[in-house]
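K.L.:
Following this message is one structure expressed as structure tokens.
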Amino acid sequence: MYLFRRSSPGKGLDELVDLDGGDLDGGDLELGWPPLNATAALVADGTAAPGRNRLLGGGRWLAGAHPGHALATGAAIVLPLALFYAVPVRYLFADVSLTAGAAVAAAVGAPAVIAVWAFVATATDDPGILLRSAEAPADADGGGAGSVAGSILSGRGSSTVLGGAAGRGRRVKQVLLHGVAVKVKYCETCRIWRPPRAHHCSVCNNCYAHYDHHCAWLGTCVARRNYRTFYLFIVTLTLVSGAVIGACVWAVVAQVGRTPKPPLAALWVALSTTPVAVTVLLIPYATLACLFTSALVGLHTGLPPVLARRAAAPLPE
């Protein structure tokens with residue numbers, strides 16, 4: 001959470017206070033902690049965040065602009081898992097051993113349950129919408145500081161953001177964050193001054209705190225409030241994909257070992273007798289999924305430190 005603390009006239013830059021860092025003075029701001037679905041209620045009001053996000057379950061969940069994308073992705077996860085348990089796991093139970101079947105079922109099932117939960121949580125949580133201002137702040141046209149520009153939700157609470165400006169032409173201002181000059185930008189659509197790393201998504205038509213990206217697979221944005229569950233989702237999905245590949249290969253190898261022929265001939269027999277779901281569908285499908293999600297894990301493991309350095313970079317002269 002951030003607060004723009006207005007500087008005295010002639011004393012330089014306004015200060016951007018990181019409330020999570022404990023810099024808030026008691027007199028600066030009176031914090032109120034709304035219920036979990038406070039943002040959803042404000043979205044339903046149609047004034048605070050009238051973007052393309054959609055309410056589900058009477059305001060309990062907040063989907064992105066394309067909830068159908070999330071449903072398609074969920075089907076692309078659950079249906080192959082059902083096929084996996086119906087074919088390879090069943091084969092391992094019946095033709096290898098009960099221990100092998102139980103071990104594979106547990107090794108895939110545990111991360112799969114976590115992945116599905118993290119997927120649902122990421123796709124239906126408020127990513128961190130910055131609530132819009134009903135009117136443009138006076139300082140958007142170069143006036144004084146101190147106009148109410150919006151609200152940032154962080155975790156389970158919210159705080160008011162007070163904004164300063166540098167005039168309508170430039171739409172960018174430097175403020176101090178822990179003694180370092182950082183830049184903040186004005187959003188014409190939401191009529192707020194955005195804190196560092198906030199961004200307006202053109203797809204969902206809302207500003208988000210600590211915006212990462214709009215995920216077409218989930219149909220929503222990944223930002224401050226759902227980034228952790230998104231990261232958990234891609235990590236566990238990588239583990240699930242790898243375990244499915246290993247189990248399917250194990251099923252083929254077990255079939256090869258049971259065929260009394262030379263290795264290549266036994267492999268051909270195994271590939272032609274092992275259920276087509278294993279050899280033609282699950283192995284290449286899980287391989288592509290594993291490559292894709294592991295690349296995402298690598299990207300998002302190294303990205304946060306880079307973004308933190310960018311947010312603290314001084315504005316060019």
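The values are calculated or read from the model by the stated rules, or taken from the named source; none is laboratory data. Just so we're clear, the structure is a prediction, and the values are computed from it rather than from any experiment. All Cβ positions, glycine included, derive from the backbone under ideal geometry; neighbour counts span all protein chains shown.
K.L.:
Are any residues in the range 80-104 of a type outside the set (A, V, I, L, M, F, W, C) and either surrounded by fewer than 17 Cβ atoms within 10 Å (Cβ to Cβ) or modelled with pLDDT of 90 or more (or both), and if so, which ones? Before you say what the answer is, go through the steps one by one.
P.N.:
Here is the first cut: in the range 80-104, the residues of a type outside the set (A, V, I, L, M, F, W, C) are 80, 85, 88, 90-91, 95, 97, 99, 101.
The answer is PRO80, TYR85, ARG90, ASP95, SER97, THR99.
K.L.:
Please determine, by comparing only the residues of the range 158-190 that are charged (D, E, K, R) and touching a strand residue (DSSP E or B) at 6+ places or on another chain (Cβ under 7 Å), which one is modelled with the highest pLDDT. Before the answer, list the steps.
P.N.:
We begin by selecting, within the range 158-190, every residue charged (D, E, K, R); these are 168, 170-171, 173, 183, 185, 188.
Add one more test, that the residue is touching a strand residue (DSSP E or B) at 6+ places or on another chain (Cβ under 7 Å), and what stays is 171, 173, 183, 185.
Numbers: ARG171: 73, LYS173: 74, LYS183: 77, LYS185: 84.
Once the filter is applied, the top-ranked residue is LYS185.
K.L.:
Turning to a different aspect of this structure: Got a number for residues in the range 78-113 being in contact with a Leu (Cβ under 7 Å, 6 or more places away or on another chain), within 30 Å of GLY68 (Cβ to Cβ) and of a type in the set (A, V, I, L, M, F, W, C)?
P.N.:
Matching residues across the range 78-113 total 3.
K.L.:
Answer yes if at least one residue in the range 116-129 is among the charged types (D, E, K, R), touching a residue at least 12 places away in the same chain (Cβ under 8 Å) and not in a loop (DSSP other than H, G, I, E, B), and no otherwise. First the steps, then the outcome.
P.N.:
Residues of the range 116-129 that are among the charged types (D, E, K, R), as a first pass: 125-126.
Filter once more, so that each one left must be touching a residue at least 12 places away in the same chain (Cβ under 8 Å): 125-126.
With not in a loop (DSSP other than H, G, I, E, B) added as a condition, the list becomes none.
No, that holds for no residue.
K.L.:
Still on this structure, please answer the following. Give just the number: which of (1) within 23 Å of the chain's Cα centre (by Cα); (2) modelled with pLDDT of 85 or more does ILE283 not satisfy?
P.N.:
Condition (1) is where ILE283 drops out.
K.L.:
Residue by residue through the range 247-261, note down the ones that are touching a residue at least 40 places away in the same chain (Cβ under 8 Å) and surrounded by fewer than 20 Cβ atoms within 10 Å (Cβ to Cβ).
P.N.:
Scanning the range 247-261 gives TRP250, ALA254, ARG258.
K.L.:
For the condition out of contact with any strand residue (DSSP E or B) (no Cβ under 9 Å at 6 or more places or on another chain) and assigned to a helix (DSSP H, G or I), what is the one hit in ALA70, ALA102? I'd like the intermediate steps shown before the answer.
P.N.:
Numbers: ALA70 fails: out of contact with any strand residue (DSSP E or B) (no Cβ under 9 Å at 6 or more places or on another chain).
Exactly one residue qualifies, and that residue is ALA102.
K.L.:
Same structure, new question: When you check LEU239 against the structure, is it more than 11 Å from THR122 (Cβ to Cβ), of a type outside the set (Phe, Trp, Tyr), touching a residue at least 12 places away in the same chain (Cβ under 8 Å) and assigned to a helix (DSSP H, G or I), yes or no?
P.N.:
Details: more than 11 Å from THR122 (Cβ to Cβ): yes; of a type outside the set (Phe, Trp, Tyr): yes; touching a residue at least 12 places away in the same chain (Cβ under 8 Å): yes; assigned to a helix (DSSP H, G or I): yes.
For LEU239, the condition - more than 11 Å from THR122 (Cβ to Cβ), of a type outside the set (Phe, Trp, Tyr), touching a residue at least 12 places away in the same chain (Cβ under 8 Å) and assigned to a helix (DSSP H, G or I) - is met.
K.L.:
Which residue, of ALA277, ALA295, is surrounded by 12 or more Cβ atoms within 10 Å (Cβ to Cβ), at pLDDT 75 or above and under 30 Å from ALA112 (Cβ atoms)?
P.N.:
Of the residues listed, the single one that is surrounded by 12 or more Cβ atoms within 10 Å (Cβ to Cβ), at pLDDT 75 or above and under 30 Å from ALA112 (Cβ atoms) is ALA295.
K.L.:
Quick check on the range 198-210. Is at least one of its residues of a type in the set (A, V, I, L, M, F, W, C), in a loop (DSSP other than H, G, I, E, B) and surrounded by fewer than 19 Cβ atoms within 10 Å (Cβ to Cβ)? First the steps, then the outcome.
P.N.:
Here is the first cut: in the range 198-210, the ones of a type in the set (A, V, I, L, M, F, W, C) are 198, 201, 203-204, 207, 209.
Now restrict to residues that are in a loop (DSSP other than H, G, I, E, B): 198, 203-204, 209.
With the extra rule that they be surrounded by fewer than 19 Cβ atoms within 10 Å (Cβ to Cβ), the set shrinks to 203.
Yes, because at least one residue in the range 198-210 is of a type in the set (A, V, I, L, M, F, W, C), in a loop (DSSP other than H, G, I, E, B) and surrounded by fewer than 19 Cβ atoms within 10 Å (Cβ to Cβ).
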